[in-house]
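Remarks on the structure that follows.
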Amino acid sequence: MDNPYDAGDDITVLPSHLDIPGVGTLLVNAFVLNSEQPVLIDTGLAAESDSFMDALRSVIDPRDLRWIWLTHDDSDHTGSLPALMQAAPQARLATHPLGAIRMMTWFPIPLDRVHAISPGTEIDAGDRTLRAVMPPTFDNPTSTALHDKRTSTLFCVDAFGAILPRAVTNLDDMTEDELIGGMTAWTTFDSPWAHIADPSRFGQVLDGVRTLAPQRILSAHLPPAFGRSEQLLKILSSVPDADPFQAPDAVAFAQIAAALTAGQAPA
């Protein structure tokens, strides 16, 4: 885990990152929304569950959480969920209903605490209403983004993520070329269906984000983006015409594995 930091007066980022030798760095962000009824969005990596819980406790007492919004059931989002369901007894789990059922095959999920969500569902967080929306790109059919109209904030799941040259917390610390290359690499990997999507329908999906006009975009895999929605949407619009993602072959993977084992990147 990296050190928590603020993304505005009402949101704290709980960040981590994965360094992938020969590939780049992938951020893994969760968020605490300090609304009247506090909300945790996603729960980090299982391998870091203890440090995630320590980071969370430095921001808020888990017993004060009222909602855990799980954007989808991928392992980089569900890591501390078992610990949280015990540490946050007053929190309800807002997530896709089929995702909740699927997670029951991995660890116990108290279904009486699940609040099933799908696009259009609204959650009362006391001082604001949170609305479930579809993210523009995704790798998992249970993916459910979160729009806070009051603060013009979109928690967009994996969408707008990037493979970065290094771990950063400020988008201004990246060059435009790094952002374009990183987002293109991530999206062609995470959402390969974009290459075969109907262009007009994909454009309509991106226009749906424009209609929301988010001033703050918070992705699990990108530093917080302020006032950058049009720039990020323009990059996404180019993905269908980009080269498809090419996975490492056996030789390249062996080099990655050796570097990870040795704790250093290949030369």
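The values are calculated or read from the model by the stated rules, or taken from the named source; none is laboratory data. Given the structure is predicted, the values throughout are model-derived calculations rather than measurements. Note that each Cβ is placed from the backbone with ideal geometry, even for glycine, and that neighbours are counted across all protein chains shown.
Considering only segment 21-32, I want to know if a residue exists there that is assigned to a helix (DSSP H, G or I), buried (at least 21 other Cβ atoms within 10 Å of the Cβ) and among the aromatic types (Phe, Trp, Tyr). There is no residue in segment 21-32 that is assigned to a helix (DSSP H, G or I), buried (at least 21 other Cβ atoms within 10 Å of the Cβ) and among the aromatic types (Phe, Trp, Tyr). Beta carbons closer than 7 Å, at least 6 apart along the sequence or on distinct chains, never pair a first residue in segment 55-66 that is in contact (Cβ under 8 Å) with a residue 12 or more places away in the chain and of a type in the set (A, V, I, L, M, F, W, C) with a second that is surrounded by fewer than 12 Cβ atoms within 10 Å (Cβ to Cβ) and part of a loop (DSSP other than H, G, I, E, B). Reported count of residues in segment 90-107, each being surrounded by fewer than 16 Cβ atoms within 10 Å (Cβ to Cβ) and either among the hydroxyl-bearing types (Ser, Thr, Tyr) or touching a helix residue (DSSP H, G or I) at 6+ places or on another chain (Cβ under 7 Å) (or both), is 3. Of the strands (runs of 3 or more DSSP E) lying entirely inside segment 100-168, those containing at least 1 residues that are under 20 Å from Phe31 (Cβ atoms) and hydroxyl-bearing (Ser, Thr, Tyr) span 129-133, 153-155.
Mind telling me which of the residues Ala87, Ala30 ends up being over 12 Å from the mean Cα position of the chain (by Cα) and touching a residue at least 24 places away in the same chain (Cβ under 8 Å)? Give the derivation first.
Working: Ala30 fails: over 12 Å from the mean Cα position of the chain (by Cα).
Criteria check complete, one pass: Ala87.
Under 8 Å by Cβ, and 6 or more places apart or on different chains, what pairs join a residue from segment 254-267 that is more than 15 Å from Leu18 (Cα to Cα) with one that is among the aliphatic types (A, V, I, L, M) and modelled with pLDDT of 85 or more? As it stands, the answer is Pro266/Ile256; Pro266/Ala258; Pro266/Ala259, since those pairs meet every condition given.
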